[in-house]
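Values in this text are rule-based calculations from the coordinates and carry no lab data. All figures in this text were calculated on a predicted structure; none of them were measured in a lab. Heads up, the Cβs are rebuilt from the backbone with ideal geometry, glycines too, and the neighbour counts pull from every protein chain shown.
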Amino acid sequence: MQCDRVQELLGAYRDGELSADERRAVLAHLDQCKACSALMATDDRIGQALKARGRTTAPPALAQRIRAELDRHDNRQLTTTATNRFMSGDSPFRVRHFAQRAAVLLAVSLLSAITTWQVLETRATNSHLERDIVSAHIRTLLQDTPVQIASSDQHTVQPWFAGRLDFAPQVRDLATAGFPLVGGRLDYVADRRVGTLVYKRRLHLINVFMWPEPSMADSTANATLRNGFNLLSWNRNGVAYRAVSDLNLDEMLRLSRELW
Amino acid sequence: MDDRATFERLALVHMDAAFNLAFALLRVRADAEDAVQNSYLRAYRAFHQLQGESIKPWLLTIVRNVCYRHLQERRRGGNVISLDESLGGRSGLAAIEAELAIAQPSPEAAAIHASEHAILSEAIGALPPAFREVIILREIEEFSYREVADIIGAPVGTVMSRLSRARSELRSLMMKRMNRDDKNAM
């Protein structure tokens, strides 16, 4: 056997993967060829070094990670089988079909009921609110003074609210626009303490109620009429505004634009 | 649940072998960990298909496939080579030392000079993956040529020639590195 052929088979020889005939031939060659036996010795040494070096071992936490992964898989499996059994398993098609229809019907009725209830509830709330506001307005007309802090200076009225309200209302004197500021007071509307600004237009008194309503988006003035009073409502920067007066609607809207 | 216990008992003992193969192929510890975790999930899902065969070669076949898919994705991902890999690949003493620190200690290990380990690690890293895997499967895991052939999905003849070429590459790489080190020592 030639050296190059032996060198081809050398690995298989070391690994014990040669036929008996080939093994004998390689062995016979190695006995007399120094070069090939040197190669064999080197391979042995490399083999030993590899074994001594051993494996790069996995971090101990990896077993935990694998178990957790298998847990997740088992849980998923469990849920899917349960769902499958419920949906298809033993129930005959008709029953399943009926059950599905019943479920859909139930869902639709429920949704409809909730929506109706919400609409009615919103209306009732709005109605209560409007009544509260108009009542508060009428009370101010019956009293000697509609304000607790009488001042046309916004820098006097605004600080007065500090500590009395849980938000800082925007206070502006609109005398230049024809709406002089009379002052401010606290009121109680819709089960909450609200800030109130009082403006004048000729002999008309205008109450502007304000309270925080962070979930409401900004909206422009929306007008309603109640007991002959004009009522405007709008939201700005998380504050709800309600303006009420016997003033005509056009001038009310002008005030709301001035305050916006 | 009975399957689960059986699977864990049979498969988890081969976690080091699985990780060693994955690390040899991917050369990045975090990637090797992910690959092994993923392989175990695949193995667990397919566990019922294993009938009467030995679990270790079957498991390592899955690990190898997962790793090759990962290598393919890496190649597709462009020339993004992580720092770890570039260090572990060709030359980089830090990576070799890191690898030495985590290599399994054995009585023989103490006897053999540390530099030989370093040279060996470097030489293995320099081999192409197809050579690396046959060396690992044969020299470390001591699979027969038939078993290696089954794992890498190639004929026995291919295993034999790859091993032969891998060893001669290792030989010459070792010679080169040792000579270089001797020169450095002088």
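Observations on the structure shown:
- Filter result for residue A:147 (more than 16 Å from residue A:211 (Cα to Cα) and either among the small types (Gly, Ala, Ser) or assigned to a helix (DSSP H, G or I) (or both)): no
- Checking each residue in segment B:36-63 for being within 11 Å of chain A (Cβ to nearest Cβ) and under 13 Å from the mean Cα position of the chain (by Cα) picks out only B:36.
- The residues of segment A:100-148 include none that are farther than 30 Å from residue A:241 by Cα and either touching a helix residue (DSSP H, G or I) at 6+ places or on another chain (Cβ under 7 Å) or in contact (Cβ under 8 Å) with a residue 40 or more places away in the chain (or both).
- When residues of segment A:169-206 are limited to those that are of a type in the set (Val, Ile, Thr) and not in a strand (DSSP E or B), the one nearest to residue A:130 (Cα to Cα): A:171
- First in segment B:143-161 and more than 9 Å from every other protein chain (Cβ to nearest Cβ) and on the phi < 0 side of the Ramachandran plot, second anywhere and buried (at least 20 other Cβ atoms within 10 Å of the Cβ) and outside any helix (DSSP H, G or I), Cβ under 8 Å, 6 or more apart: B:151/B:143
- For residue A:224, the conditions (1) free of Cβ contacts under 8 Å to residues at least 60 places away in the same chain; (2) within 35 Å of the chain's Cα centre (by Cα); (3) assigned to a strand (DSSP E or B) all hold with the exception of (1).
- Residue list for segment A:1-59, restricted to those being within 7 Å of chain B (Cβ to nearest Cβ), of a type in the set (Gly, Ala, Ser) and surrounded by fewer than 18 Cβ atoms within 10 Å (Cβ to Cβ): A:54
- Checked against (1) surrounded by 14 or more Cβ atoms within 10 Å (Cβ to Cβ); (2) assigned to a strand (DSSP E or B); (3) in contact with a Leu (Cβ under 7 Å, 6 or more places away or on another chain), residue A:256 passes all but condition (2).
- Residue among B:32, B:5, B:18 that is without any contact (Cβ under 8 Å) to a residue 40 or more places away in the chain and either facing another protein chain (nearest Cβ under 9 Å) or within 15 Å of residue B:133 (Cα to Cα) (or both): B:32
Residues are listed down the side, and each one gets a yes or a no for (1) aliphatic (A, V, I, L, M); (2) touching a helix residue (DSSP H, G or I) at 6+ places or on another chain (Cβ under 7 Å); (3) surrounded by 18 or more Cβ atoms within 10 Å (Cβ to Cβ); (4) within 13 Å of residue A:137 (Cβ to Cβ):
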position	(1), (2), (3), (4)
A:179	no, yes, yes, no
A:187	no, yes, yes, yes
A:195	no, yes, yes, no
A:201	no, yes, yes, no
A:206	yes, yes, yes, yes
A:220	no, no, no, no
A:224	no, yes, no, no
